[in-house]
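The values are calculated or read from the model by the stated rules, or taken from the named source; none is laboratory data. Note that the structure is a prediction, hence the values are computed from the model and not measured. A quick note on method: Cβ atoms are made from the backbone with ideal geometry, for glycine too, and the neighbour counts reach across all protein chains shown.
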Amino acid sequence: MSGPLLSSGGEDRRAQLVQGLGRVRARIADACAAAGRSTSSVTLVVVTKTYPASDVAVLASLGVRDVGEAREQELRDKRALLDPVDGPATGELGEGVRWHLLGRLQRNKARSVGRLADVVHSLDDPRLVAPLSRGATEVGWTLGCFVQVSLDDDPGRGGVVADRLLPLADEVAGTDGLRLLGVMAVAPVGVDPDEAFGRLRVLADSVVAAHPGATAVSAGMSGDLEQAVAHGATHLRVGAAVLGDRPLTG
Ligand SMILES: *Cc1c(COP(=O)(O)O)cnc(C)c1O
């Protein structure tokens with residue numbers, strides 16, 4: 001492997017990632033113990049947006065199985081370097097990683113995301129359903145989908161307002177090539193994460209009542225993963241606490 005995306009830091013960088021990952025895994029274990037949950041009920045998605053593809057390769061060698069990207073272009077570039085086939089991960093990275101897309105989705109990129117991602121966390125518009133389905137179907141893949149809900153009813157920051165959550169979940173569940181996994185949210189700035197994730201829990205339960213298989217909850221980042229675990233998160237999206245301060249804006 002070569003090129004700028006793959007040449008960062010060598011052994012020093014590996015040692016940093018070992019340390020960051022160890023710290024975050026310890027925090028998750030403590031949070032699970034405090035909540036009386038098994039650590040196996042929580043999936044850590046390491047958010048590698050803006051970090052080089054070489055970091056993804058190192059993380060995979062350290063046992064990370066789930067990585068998250070914010071943008072279609074960066075997902076495409078990293079897969080081209082590390083895992084160069086559309087559709088499900090091919091196993092070129094050890095046993096393969098699952099690629100999660102968790103940034104704001106653009107409609108004109110949705111079909112490509114359907115081909116490239118294993119899981120999408122940011123489905124928040126019914127107009128994204130058809131192109132995501134088309135992309136996934138083209139590569140013979142079922143795309144895991146979280147419906148993103150806004151916890152401050154400000155759709156400008158991503159996520160459907162609460163009363164649009166169930167209709168969108170119904171539509172995802174009824175679409176070929178897509179599988180409804182559950183709900184996703186970001187705790188709004190300036191709101192107590194306990195309050196935000198408590199609200200998310202209620203919304204998640206309303207989706208499970210209609211779709212008993214859709215039990216996943218994507219919530220919690222570097223700063224609030226403990227509160228997310230306390231309120232039942234099954235997927236944590238953690239970047240900076242594993243990888244260090246972001247090299248570029250993202
Ligand atoms: C960047 C990002 C994260 C990770 O944030 P950190 O603070 O680096 O842990 C999680 N979720 C979403 C939607 C993001 O865009």
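Residue pairs whose Cβ atoms lie under 9 Å apart, separated by 6 or more positions or on different chains, with the first residue in segment 233-246 and farther than 23 Å from ALA216 by Cα and the second assigned to a helix (DSSP H, G or I) and near the ligand (Cβ under 9 Å from one of its atoms), are ARG246/ALA240.
Summed over segment 195-209, the residues that are touching a strand residue (DSSP E or B) at 6+ places or on another chain (Cβ under 8 Å) and within 16 Å of the ligand (Cβ to nearest atom) give a count of 1.
Of all residues in segment 31-54, those satisfying the criterion of being β-branched (Val, Ile, Thr) and either over 16 Å from GLY220 (Cβ atoms) or within 16 Å of the ligand (Cβ to nearest atom) (or both) are VAL42, THR43, VAL45, VAL46, VAL47, THR48, THR50. In segment 223-242, the residue that is farthest from GLY22 (Cα to Cα) out of those that are β-branched (Val, Ile, Thr) and within 13 Å of the ligand (Cβ to nearest atom) is VAL238. Total residues in segment 26-70 satisfying the condition of being closer than 25 Å to ASP83 by Cβ, in contact with a helix residue (DSSP H, G or I) (Cβ under 8 Å, 6 or more places away or on another chain) and free of Cβ contacts under 8 Å to residues at least 24 places away in the same chain: the figure is 0.
Please verify whether VAL189 is closer than 19 Å to GLY22 by Cα, within 15 Å of the ligand (Cβ to nearest atom) and not hydroxyl-bearing (Ser, Thr, Tyr), treating the condition exactly as stated.
On the way: closer than 19 Å to GLY22 by Cα: no; within 15 Å of the ligand (Cβ to nearest atom): yes; not hydroxyl-bearing (Ser, Thr, Tyr): yes.
Judged against the criteria, VAL189 is not a match.
The requirement of being modelled with pLDDT of 95 or more and of a type in the set (Val, Ile, Thr) is fulfilled somewhere in segment 186-197, by at least one residue.
The condition (being more than 16 Å from the ligand (Cβ to nearest atom), among the small types (Gly, Ala, Ser) and more than 14 Å from VAL119 (Cα to Cα)) is satisfied by just one residue among GLY159, GLY220, GLY174: GLY174. A single entry from ARG98, ARG164, ARG157 fulfils the requirement of being among the basic types (Lys, Arg) and in contact with a strand residue (DSSP E or B) (Cβ under 8 Å, 6 or more places away or on another chain): ARG98. Just one residue in the set PRO167, PRO212 is more than 16 Å from the ligand (Cβ to nearest atom) and touching a residue at least 40 places away in the same chain (Cβ under 8 Å); that residue is PRO167. Checked against (1) out of contact with any Phe, Trp or Tyr (no Cβ under 9 Å at 6 or more places or on another chain); (2) under 20 Å from SER218 (Cα atoms), ALA57 passes all but a single condition, namely (2).
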